[in-house]
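Everything on this sheet refers to the single structure shown next.
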Amino acid sequence: MKKNRRVLIAGAKFGEVYINAFLRPQPGLELAGLLARGSRRAQQLARDFGIPLYTSLDQVPGDIDIACVVVRSTIAQGEGSQLAEQLLQRGMHVVQEHPLHPDDVARLQKFADERGLVYWVNSFYPHLSAGRSWIAHAARIRSLLEGDLPCSAQLTTSRQLLYSSLDLLLQACGVKDANEVQVEVLDGADDCFAPLRLTLPGGCPVTLRLQSYLNPSDPDMFSLVMHQASLAWPSGYLSLEASHGPVVWTGAFHDQEHDSPDRTMYRYIDTNPDYGQAPSLVLHQAPETWRDAFEIEAAAGVAHVLQALCQSLDGANLPTAFSSAHQLSLARLWLTVLHCSPPVVERLLTPPKLITREQLHGIETYAEPTGGIHE
């Protein structure tokens, strides 16, 4: 029987999401341990999942096949990049959580190649079910429109999530080389967002609204918008409303004879197929709760990446999202956008007020009469 590949998770904070991937059996994979500093969180995770907790690299056994480095990289003032190199030196394939400086990406790619190993950067959100749905439906729409790129696009995000937002955009638009994307700053910045324009190969203009501030004492929180993206064609627009969905297609309505003085709408409505289409189609639903988002959707996204790695190691074609060229050009584009953006504003913030579904449900709305006006 084929031996399972043993997986080490390095990092006990966001690394918990990676460990959650093993709440469900992962064919061909085995959770082999957690490498962390030994915090109470790390001890709880190791105990709950029945795995060893290693507090130094020297303790990690030599039979680990894959290491997931979920520790801040050098550019994020962490030790993740050095740890990734040390794990590669130990002969492990490495998946490292984003963001990374392009120099680190290039160096670690080269380091892995020289040793016959795989090194991938996981930008995370494009590999969740909502991100995959948005990317796949964008590809389908382009195919239906004979390869046409969107005529316009919009992207709203925070600096913390810019890396993954750019990857979502590049994959959805089929951009093969992010080095060809042009970046310029626009006028019109306000207290919340700074506008930029990205021009994709082929000429598609993208308006990027990048949050202009963050909380230095808690930089992972306080995103006004995590991921919101929209691609527009003359036939309609495809929206990723939030990081975990929904994904919505809104088709353009067109009645060529809407201004005709010789007909009424209701009598001739069946002759135009546009009237029979839904005004909007929800192509992917958002999870019910944030707990579902982290324990189910996010964990499934990590599992998707790990299974893709196993398939690649077994000889399957390398996914475009993990090609060395794509990953390096993405990191370079991310850094270029940051360099072009106005300096970030630091604000000390208090937690936002929570608005619950119970507070929003049950609001009285005007009740439309049943039936059509001509019935």
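What's the total number of residues in the stretch 108-120 that are farther than 14 Å from ASP65 by Cα and surrounded by fewer than 16 Cβ atoms within 10 Å (Cβ to Cβ)?
So the answer is 3.
I'd like to know if the stretch 40-54 contains one or more residues that are in contact with a helix residue (DSSP H, G or I) (Cβ under 8 Å, 6 or more places away or on another chain), part of a loop (DSSP other than H, G, I, E, B) and buried (at least 20 other Cβ atoms within 10 Å of the Cβ).
Within the stretch 40-54 (the criterion being in contact with a helix residue (DSSP H, G or I) (Cβ under 8 Å, 6 or more places away or on another chain), part of a loop (DSSP other than H, G, I, E, B) and buried (at least 20 other Cβ atoms within 10 Å of the Cβ)), the answer is no, since none of the residues qualifies.
Could you tell me whether any residue of the stretch 87-94 is in a loop (DSSP other than H, G, I, E, B) and not basic (Lys, Arg)? Please lay out each step first, then the result.
Let us first name the residues in the stretch 87-94 that are in a loop (DSSP other than H, G, I, E, B), namely 90-92.
So of that shortlist, the ones also not basic (Lys, Arg) come out as 91-92.
There is at least one residue in the stretch 87-94 that is in a loop (DSSP other than H, G, I, E, B) and not basic (Lys, Arg).
Spot the failing condition for LEU88; the list is (1) in contact with a helix residue (DSSP H, G or I) (Cβ under 6 Å, 6 or more places away or on another chain); (2) farther than 17 Å from PHE111 by Cβ, and only one is missed.
Tallying (1) in contact with a helix residue (DSSP H, G or I) (Cβ under 6 Å, 6 or more places away or on another chain); (2) farther than 17 Å from PHE111 by Cβ, LEU88 fails exactly one: (2).
Somewhere in the stretch 73-85, is a residue more than 25 Å from the chain's Cα centre (by Cα), under 26 Å from TYR125 (Cβ atoms) and not hydroxyl-bearing (Ser, Thr, Tyr)? Outline the logic, then answer.
Step one: of the stretch 73-85, the residues more than 25 Å from the chain's Cα centre (by Cα) are none.
The answer is no, given that none of the residues of the stretch 73-85 is more than 25 Å from the chain's Cα centre (by Cα), under 26 Å from TYR125 (Cβ atoms) and not hydroxyl-bearing (Ser, Thr, Tyr).
Out of (1) within 28 Å of the chain's Cα centre (by Cα); (2) touching a residue at least 40 places away in the same chain (Cβ under 8 Å), the odd one out for ASP63 is which?
For ASP63, the exception is condition (1).
Here is a list of conditions, (1) in a helix (DSSP H, G or I); (2) without any contact (Cβ under 8 Å) to a residue 60 or more places away in the chain; (3) over 19 Å from SER223 (Cβ atoms); (4) not basic (Lys, Arg), and ALA293 meets all of them except one; can you say which number that is?
The single condition ALA293 does not satisfy is (3).
For the stretch 237-250, enumerate the residues that are among the aliphatic types (A, V, I, L, M) and assigned to a loop (DSSP other than H, G, I, E, B).
Taking the stretch 237-250 first, the residues among the aliphatic types (A, V, I, L, M) are 238, 240, 242, 247-248.
Scanning the stretch 237-250 gives a single hit, ALA242.
If a residue has to be on the phi < 0 side of the Ramachandran plot, part of a loop (DSSP other than H, G, I, E, B) and of a type in the set (A, V, I, L, M, F, W, C) to count, how many in the stretch 102-142 make the cut? Let's see the steps before the verdict.
Looking only at the stretch 102-142, we keep the residues that are on the phi < 0 side of the Ramachandran plot, and these are 102-115, 117-123, 125-142.
Next, only the ones that are part of a loop (DSSP other than H, G, I, E, B) stay: 115, 117-118, 123, 128.
Keeping just the survivors that are of a type in the set (A, V, I, L, M, F, W, C) gives 117-118, 128.
Residues in the stretch 102-142 being on the phi < 0 side of the Ramachandran plot, part of a loop (DSSP other than H, G, I, E, B) and of a type in the set (A, V, I, L, M, F, W, C): 3 in total.
Against the definition (modelled with pLDDT of 95 or more, in contact with a helix residue (DSSP H, G or I) (Cβ under 6 Å, 6 or more places away or on another chain) and not assigned by TED's automatic domain parsing to the domain that holds CYS340), how does ALA112 come out, yes or no? Reasoning before the result, please.
Values: modelled with pLDDT of 95 or more: yes; in contact with a helix residue (DSSP H, G or I) (Cβ under 6 Å, 6 or more places away or on another chain): yes; not assigned by TED's automatic domain parsing to the domain that holds CYS340: yes.
Spelling it out, ALA112 is indeed modelled with pLDDT of 95 or more, in contact with a helix residue (DSSP H, G or I) (Cβ under 6 Å, 6 or more places away or on another chain) and not assigned by TED's automatic domain parsing to the domain that holds CYS340.
Table: residues versus (1) in contact with a Leu (Cβ under 6 Å, 6 or more places away or on another chain); (2) part of a strand (DSSP E or B); (3) at pLDDT below 95.
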{"position": "LYS2", "(1), (2), (3)": "no, no, yes"}
{"position": "ASN20", "(1), (2), (3)": "no, no, no"}
{"position": "GLN96", "(1), (2), (3)": "no, yes, no"}
{"position": "LEU100", "(1), (2), (3)": "no, no, no"}
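So ASP148 passes all but one of these: (1) farther than 21 Å from HIS304 by Cβ; (2) crowded, with 18+ Cβ neighbours inside 10 Å. Which condition number does it fail?
(2)
Quick check on the stretch 256-289: of everything there that is loosely packed, with under 11 Cβ neighbours inside 10 Å and in a helix (DSSP H, G or I), which residue is modelled with the lowest pLDDT?
ARG267
The conditions are (1) in a helix (DSSP H, G or I); (2) in contact (Cβ under 8 Å) with a residue 12 or more places away in the chain; (3) surrounded by fewer than 18 Cβ atoms within 10 Å (Cβ to Cβ), and PHE253 fails exactly one of them. Which is it?
(1) is the only condition that PHE253 fails.
Name the residues in the stretch 224-239 that are of a type in the set (S, T, N, Q) and crowded, with 17+ Cβ neighbours inside 10 Å, would you?
So in the stretch 224-239, the residues of a type in the set (S, T, N, Q) come out as 228, 230, 235, 239.
Matches in the stretch 224-239: GLN228, SER230, SER239.
Check whether at least one residue in the stretch 190-197 is within 18 Å of the chain's Cα centre (by Cα) and buried (at least 17 other Cβ atoms within 10 Å of the Cβ), and report yes or no. I'd like the intermediate steps shown before the answer.
Restricting attention to the stretch 190-197, the residues satisfying the condition of being within 18 Å of the chain's Cα centre (by Cα) are none.
No, the stretch 190-197 has no match at all.
The values are calculated or read from the model by the stated rules, or taken from the named source; none is laboratory data. Computed from a predicted model, the values in this text were never measured in an experiment. Reconstructed Cβ throughout: ideal geometry from the backbone, glycine too, with neighbour counts over all protein chains shown.
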